[in-house]
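Any read-out appearing in this document is the output of simple, stated calculations on the displayed coordinates, not a laboratory observation. Given the structure is predicted, the values throughout are model-derived calculations rather than measurements. No Cβ is skipped: glycine too gets one built from the backbone with ideal geometry, and neighbour counts run over all protein chains shown.
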Amino acid sequence: MIQKIDELDLKILRELQKDARQSYRDLADKLGVAEGTIYNRIHKLKDIGVIKRFIPDIDFSKLGYDLTAIIGIRVEGSHLPEIEKEISKEKNVSAVYDITGEYDCIVVAKFKTRYELNNFVKKILSMPHVKRTNTMLVLNVMKE
């Protein structure tokens, strides 16, 4: 059964996107509802899978990861799921997307050096059934 999401749920989600560490009391004050309402709504959103987890918003450049690469990958035949699964295990990878268009998947990954990026791309290219890649470097992040 699909549960309805109403305007209050959306307001709570917007506030959590700004700062997921806000207390129930602070959220209740901002949104003009009871603290118990916030508690119940957040637990409902978690139970139905809208909120999957609370994670920190990390500034990777402050950890030395100054290079963000977007890599388009072409894969032959029906081997895409296994390739994506393998790539997803790599520590530098932050996202893997199945896509339509010129490439079969897009990988977003962060690196400290060009050397690390170079090795990563070569590793992908050495995987069986990978036909080709196209690597793009992010120059500026407008929103992430």
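When the criteria are applied in full, Tyr65 meets the requirement of being surrounded by 14 or more Cβ atoms within 10 Å (Cβ to Cβ) and touching a strand residue (DSSP E or B) at 6+ places or on another chain (Cβ under 6 Å).
Ile51 meets each of the listed conditions (1) part of a helix (DSSP H, G or I); (2) under 28 Å from Lys110 (Cα atoms) apart from (1).
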